[in-house]
Amino acid sequence: MSDSPKGLDLIKPQESFKRLRRTRMTDALRSMVRETELSVNDFIYPMFVVPGKNFRKEIGSMPGVFQLSIDETIKECVEVKRLAIPAVILFGIPEHKDEVGSGAYDEHGIIQEAVRAIKKEIPELVVITDVCLCEYTSHGHCGIVRGNEIVNDASIELLAKEALTHAQAGADIIAPSDMFDGRVRAIRGTLDANGFELIPIMSYAAKYASGFYGPFREAAESTPKFGDRRSHQMDPANSNEALREVEQDIIEGADMVMVKPALSYLDIIRRVKDRFEMPTAAYNVSGEYSMVKAAARNGWIDEERVMMEILLSIKRAGADMILTYFAKDAANVLRR
Ligand SMILES: [Zn+2]
């Protein structure tokens, strides 16, 4: 027994576990087996553009995020570009709101002017425009309201009009966020008929009626005056339905699909990615941002660590692109 090679007698049948910790023992080893890595190329930075000049107002519930006039938006975009973040997504707050959200499809509306200004100063920055009516309607709904009903088909005509004015202003990607049926087809048709067949559509394909949008509504001044968005946004309980929504948008012409919010819907991101293998975006929404900021301010969590872990989890779930208010902070961390 004693002259058998050393070690063989150590393999005992009862020792059936595997030593998975072997690859975790040093930084170098951990970096070699790491499966997911965040890159600044993953980020899209959301911005809120308002009328006026020299205007910069921090959103109370979203520390570090501002409503910006166009001149200030440009300054911010220069910073975004310096950090090598490839894209921004713009939300507009108009001077006046009305029943039909006419500020949304005015060729000299806030977003149209902002896009022109950004593309003139920083042409390489990818400018995505959010297409919806809720920031522009006096009642705060995403479309036309008749009686107590939010009307689908009349609304998508206006959304297509809005998308066209964004493309004409120079937007690189059109991102409809309304969740009405048939909007991607209407927008694709209108863009194609007007010579914009190469402008991609990033559809908010699986967008849930979520409590995590609270701080955004302060930022975008888009809280509905009555009712809610549950007749068009999805029920948080549903997962199969998300696949039907995404499939429909792809059939209608979406080039990229989005899941929103991200954190409570990581399973949806994974199912969408696995099923369709499309460029997939996830929106790390305002409430998800504000919770981290608030807890960090109380000293309850390590903000930077939690931020990076959240973003990593969204990418690990299958997102190729992450819309996040953390984009600049995370880009700074990645540069170190
Ligand atoms: Zn909306």
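The values are calculated or read from the model by the stated rules, or taken from the named source; none is laboratory data. Owing to the predicted nature of the structure, the values given are computational and were not obtained by experimental measurement. Here the Cβ positions follow ideal geometry from the backbone for every residue, glycine too, while neighbour counts run over all protein chains shown. For the accessible areas, the whole protein counts, side chains as well, though only heavy atoms, and no ligand, DNA or RNA atoms are used. Shrake-Rupley method; radii C 1.70, N 1.55, O 1.52, S 1.80 Å.
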In the range 195-217, which residue that is within 15 Å of the ligand (Cβ to nearest atom) and in contact with a Ser or Thr (Cβ under 6 Å, 6 or more places away or on another chain) is least open to solvent (accessible area, probe 1.4 Å)? TYR204
For the range 295-310, check the following and say yes or no: at least one residue is closer than 18 Å to ILE89 by Cβ, buried (at least 17 other Cβ atoms within 10 Å of the Cβ) and within 15 Å of the chain's Cα centre (by Cα). no
By residue number, the members of the range 184-216 that are in contact (Cβ under 8 Å) with a residue 40 or more places away in the chain and either part of a loop (DSSP other than H, G, I, E, B) or among the charged types (D, E, K, R) (or both) are ARG185, ARG188, PRO200, LYS207, SER210
In the range 241-257, is there at least one residue being part of a strand (DSSP E or B), open to solvent by 10 Å² or more (accessible area, probe 1.4 Å), among the basic types (Lys, Arg) and under 19 Å from ASP181 (Cβ atoms)? no
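Here is a yes/no grid of residues against (1) at pLDDT 95 or above; (2) open to solvent by 10 Å² or more (accessible area, probe 1.4 Å):
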residue: LEU29; (1), (2): yes, yes
residue: VAL40; (1), (2): yes, yes
residue: ARG56; (1), (2): yes, yes
residue: THR73; (1), (2): yes, no
residue: GLU95; (1), (2): no, yes
residue: GLU107; (1), (2): yes, yes
Flag for PRO46 being at pLDDT 95 or above, surrounded by 13 or more Cβ atoms within 10 Å (Cβ to Cβ) and assigned to a loop (DSSP other than H, G, I, E, B): no
Can you name the residue in the range 115-156 that is within 30 Å of ARG82 (Cβ to Cβ), away from the ligand (no atom under 16 Å from the Cβ) and not hydrophobic (A, V, I, L, M, F, W, C) and is also least open to solvent (accessible area, probe 1.4 Å) among such residues? LYS119
SER264 vs. criteria modelled with pLDDT under 95 and either among the polar types (S, T, N, Q) or part of a helix (DSSP H, G or I) (or both): no
